[in-house]
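Colleague: This is the structure I have questions about; it appears just below.
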Amino acid sequence: MPVSREDVERIIASVPGFQTRWEAFLKEWDTEPSLPYYLGMGELAHYVVEGFTKEFPDLFSTVEASLQNSHPEFENLITVGFFEDIQNIASHREFGADLFRQWLGTRSAVIWDQIDAYVQRMDVRADRQKPRWWEFWRRRKTFDSEKTLSQVENPELKKIIESMFRKKQ
């Protein structure tokens, strides 16, 4: 079952300060047969990380309530499109992602921790990867998101990079 617009709109309605950005998002994608809700949740994640707002308690409690009886597609949208983006984006800020833990409900905290554990496992796995036997002469190249972000001038491209990559600790 695909994610319904009503599910997403319920979350967006809990954040009145985000409404203008949401309307711009809808306008940008109005010619598409279905909305890319993952991108919309990424926009919301940026809004959340960009600044503290008194809307946080309502937003996170709405997300928590929505997760209680959700279907897998909606839960995946919140997991990957919202929580993981918050963690990734916040990793590039001095305050980090742990700041947001205080607003998480029980189900949200479980999902949050699962994301964090998964990313940590993938980091360990990537660190253990050895070059294939025919690549012995090549130096292993890793993507340095911080270095890349310092070189990128386009704010939209910076947002994409922050959403996709965590700052290495």
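Colleague: Does region 25-65 classify as rounded, prolate or oblate by the C-alpha gyration tensor (a ≥ b ≥ c root eigenvalues; a/c under 1.5 gives rounded; else a/b over b/c gives prolate, otherwise oblate)?
Modeller: Here region 25-65 falls in the prolate category.
Colleague: Please find the FRET efficiency linking residue 127 to residue 73, where r is the Cβ-Cβ separation and R0 is fixed at 41 Å, and quote it to the nearest 0.05.
Modeller: 0.80
Colleague: Calculate one ³J(HN,Hα) per residue across region 97-102 by plugging θ = phi - 60° into the Karplus curve 6.51 cos²θ - 1.76 cosθ + 1.60, and present them in order as whole Hz with x for glycine and proline.
Modeller: Along region 97-102, the couplings run 7, 4, 4, 7, 4, 5 Hz.
Colleague: When only C-alpha pairs under 8 Å and at least 6 residues apart count, what is the relative contact order of region 5-164, in percent?
Modeller: Reported relative contact order: 23 percent.
Colleague: Which entry in (1) 223; (2) 190; (3) 156 is this structure's computed volume of the Cα convex hull per residue in Å³?
Modeller: Recomputing volume of the Cα convex hull per residue in Å³ here picks out (3).
Colleague: Please give the calculated 222 nm ellipticity per residue for the chain, where each DSSP H segment of at least 4 residues contributes -39500 (n - 2.57) and the sum is spread over every residue; nearest 500 deg cm²/dmol?
Modeller: -17500 deg cm²/dmol
Colleague: Here's another thing I want to ask about it. How high is the relative contact order of region 57-116, in percent, with contacts defined as C-alpha pairs under 8 Å that are six or more residues apart?
Modeller: 49 percent.
Colleague: How do 121-129, 29-37, 83-91 rank on mean C-beta neighbours within 10 Å, highest first?
Modeller: Those peptides, ordered most packed to least, come out 83-91, 29-37, 121-129.
Colleague: How far apart, in nanometres, would the label points at residue 149 and residue 21 be if each is projected 7 angstrom from Cα along the Cα-to-Cβ direction?
Modeller: My value for the distance between the label points is 1.5 nm.
Read-outs throughout are calculated quantities, based only on the coordinates presented, and are distinct from any laboratory measurement. Source: prediction; values computed, not measured. Please note: Cβ atoms are built from the backbone with ideal geometry, for glycine as well, and neighbour counts cover all protein chains shown.
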